[in-house]
Amino acid sequence: MNEIIDRILQFKNSATTLKLKQYYGTNSLMEIYGINRKEIKHTSFFKWLFSPNTVIATHALKKLLDMVVTRLNTECLSDELQQLLVIGNYEIDFWETNENYSVDRGLLDLYIDIKISNFNIELILENKVYSNEHDDQTQKYYDHFTRTDKNSNRIFLYLTPISSLDLEKLIEPECCCKQFIQINYQLIVDKIIEPILREGVDKNIEFILHDYLKALSTPVNNNQKKYKYMAISNKENELLIRFWEENEDLILKAVEATKENTHIEPEKRETARKIIELLNNDSEKIGAYVKRNLNMLFEQSRFSNNEILDFQDAVYSKRTFDIQYPLLKKVVSRNDKPLHYWKDIILINNEEFYLCCEWFENDRVYFDRWLNLRLQS
């Protein structure tokens, strides 16, 4: 009992706990007004962020173009324009941002008309939070813009709060028109808002951006049981990971106690049971299983250079293991570990690589089939 008391006191007084209490103890302005899950209000924020009248708008719009150009099909933009955007050596000559833009008796959430050098870019964005697409909206918008004669490069975006893991798993966008590129709010945070904050902005702008991040990350209870938070800042994410690492044993004891306590509401007991079940599930062990077997094979030098090249190919890795990223990624800098890979560096055929860590239980059958063939060879 004394051990539990000591752990509770450590938990209560830890710097991480106090920082999280302080963070979650204040409400964003959107929460205060009760609009932090109203998609029309989020669209209004984007109109402000990308409006020519906003101080940071040019910077924000360039970062938006940087973000989408990496996700575009090559046929969406001319080769010359795509090269210009990738290099980044350009100025935006003119742009106009419209919210609730009228399209064939419908209202498109956001339309941005951009002129860069001799190029016109039309950015068409449909935003969904809890509501679903209706009346084939995206198909109507696509048909409307593609039948016009204007010499323009068009980028169709479908924005939702889908998690980054689920987004990367999508084979096609969830909207009706498959010509749209699906993005999520986390990308807006990671690629636009947080980089702008890191580079330094006016105090008033800084407050607005931090307040918006707070609105996105605050959990919301809703009947649809999805998108309890829309995106999360890097600072908050680091705090939560540290909180888990510092208090994992105490959290698990509390969950176990809740699961068995008949004085607690059945719904909360069921939630606790599901948490324990998930933590004990084999899906939590698939990564360790893959890592152990691959390390064993790599140590035995059982692969040719051509096979190592295949492991660095996303299409091969998807087809063979059903994973979303190349199995191996060559080490370029030890100080720059890529996302989706374990931090440990492995040596294969005298070259250094990172190993993909994004494995899920449904990948096991693919890995086992490949492993059995490899062991038999």
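The values are calculated or read from the model by the stated rules, or taken from the named source; none is laboratory data. Keep in mind it's a predicted model, so treat the numbers as computed, not measured. Positions of Cβ are generated from backbone atoms using ideal geometry, with glycine treated the same way; all protein chains shown enter the neighbour counts.
Points to keep in mind about this one:
- Among (1) more than 23 Å from the chain's Cα centre (by Cα); (2) on the phi < 0 side of the Ramachandran plot; (3) not charged (D, E, K, R), the one test that Asn100 misses: (2)
- Subset tally (residues that are surrounded by fewer than 20 Cβ atoms within 10 Å (Cβ to Cβ) and out of contact with any strand residue (DSSP E or B) (no Cβ under 8 Å at 6 or more places or on another chain)) for region 46-55: 4
- Restricted to region 135-166, and to residues there that are under 25 Å from the mean Cα position of the chain (by Cα) and over 28 Å from Phe119 (Cβ atoms), the residue that is surrounded by the most Cβ atoms within 10 Å (Cβ to Cβ) is Thr160.
- Residue satisfying condition, being assigned by TED's automatic domain parsing to the domain that holds Pro52 and crowded, with 19+ Cβ neighbours inside 10 Å, within set Tyr111, Tyr90: Tyr111
- Restricting Ile40, Ile56, Ile92 to those that are of a type in the set (A, V, I, L, M), modelled with pLDDT of 90 or more and within 25 Å of Lys140 (Cα to Cα) reduces the list to Ile40.
- Yes/no for Asp190 being buried (at least 16 other Cβ atoms within 10 Å of the Cβ) and out of contact with any Ser or Thr (no Cβ under 8 Å at 6 or more places or on another chain): yes
- Single residue of Asn293, Asn305 found to be surrounded by 15 or more Cβ atoms within 10 Å (Cβ to Cβ), of a type outside the set (Phe, Trp, Tyr) and closer than 30 Å to Leu371 by Cβ: Asn293
- Only one of Arg364, Arg319, Arg334 that is under 15 Å from Leu294 (Cα atoms) and assigned by TED's automatic domain parsing to the domain that holds Asn305: Arg364
- Output for region 1-45, where each listed residue is loosely packed, with under 13 Cβ neighbours inside 10 Å and acidic (Asp, Glu): Glu3, Asp6
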